[in-house]
1. Evaluate the distance, in nm, between pseudo-label points positioned 7 Å from the Cα of Asp121 and of Asp46 along their respective Cα→Cβ axes.
2. Would you work out the relative contact order for the stretch 76-184, in percent, from Cα pairs under 8 angstrom that are 6 or more residues apart?
3. Give the shape of the stretch 53-151 as rounded, prolate or oblate, defined through the alpha-carbon gyration tensor: a ≥ b ≥ c are the square roots of its eigenvalues, a/c under 1.5 means rounded, and otherwise the shape is prolate if a/b is larger than b/c and oblate if not.
4. Say each of Gln182 and Ala170 gets a label point 7 Å from the Cα, pointing the same way as Cα to Cβ; how far apart are those two points in nm?
5. Can you work out ³J(HN,Hα) from phi for every residue in the stretch 30-42, in order, using Karplus 6.51 cos²θ - 1.76 cosθ + 1.60 and θ = phi - 60°, giving whole Hz and x for Gly and Pro?
6. For a footprinting-style exposure proxy, rank Leu59, Leu26 by other Cβ within 10 Å, fewest first.
7. From Cα coordinates alone, what are the radius of gyration and Dmax values for the chain in angstrom?
8. Okay, helix-only estimate at 222 nm for the chain: each DSSP H run of n ≥ 4 adds -39500 (n - 2.57), divide by all residues, round to 500 deg cm²/dmol; what do you get?
Amino acid sequence: MLFLVLCAALPIIAGCGQNMRDQAKLEPFEADTFFPGEQSARPLVDGVVARGQLRDDELLYRGTIGGELADTFPFTVTTAVLQRGQLRFNIYCSPCHGALGDGEGMIVQRGFSHPPSFHDDRLRQAPAGHFFDVISNGFGGMYSYASRVAPEDRWAIIAYIRALQLSQHAPLDDVPPDQRGQLK
């Protein structure tokens with residue numbers, strides 16, 4: 001009986017060849033005479049944009065309006081945006097800039113140079129687009145975070161930076177009268 005089962009299975013097993021693994025196909029950058037230039041990899045047609053990669057909102061994706069650094073946000077800043085910004089700030093920014101944005105992060109304690117404080121007049125007066133540009137492209141000792149932080153999250157971080165700046169430079173008139181006694 002076992003012999004008959006093996007005999008019946010033999011043609012099935014013999015039919016399983018390597019033809020799927022060894023099929024005729026071109027490897028990337030392999031020479032091929034079918035196309036002009038004898039290249040198997042074809043260049044993209046001018047103007048082609050990958051699905052989901054159309055970045056036509058200048059403010060959202062470049063931080064500019066008419067080529068100038070913008071001082072406005074591409075969406076309404078809400079509590080949820082600020083909370084998201086705080087989370088992203090704590091992950092990506094606070095190791096260098098510190099939890100308060102004062103430039104006293106962990107890297108300074110490890111002997112690296114001080115990054116700028118977000119509370120300096122120069123950065124308090126900088127347009128929001130400046131921060132977007134620096135996060136996207138890097139500046140000085142800071143490298144680009146464009147591949148790590150989505151544009152929407154960059155804007156959320158900037159909103160949180162603005163909240164940090166306001167928290168350190170808010171006038172006393174902004175504090176409700178019933179809470180002024182709690183200030184040191």
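We did not get these values from a lab; they are worked out from the coordinates using the rules stated. Quick caveat, the model's predicted, so the values are computed rather than measured. Cβ coordinates were reconstructed from backbone atoms using ideal geometry, including for glycine residues, and neighbour counts include every protein chain displayed.
1. Between Asp121 and Asp46, the simple spin-label model gives 5.0 nm.
2. 29 percent
3. Judged from the Cα gyration tensor, the stretch 53-151 comes out prolate (a/c at least 1.5, a/b above b/c).
4. 1.0 nm
5. Whole-Hz 3J(HN,Hα) from phi for the stretch 30-42: 6, 5, 8, 7, 5, 9, x, x, 6, 10, 7, 7, 9.
6. Leu26, Leu59
7. Values for the chain (Cα only, Rg and Dmax): 28.6, 96 Å.
8. Rounded to the nearest 500, it is -10500 deg cm²/dmol.
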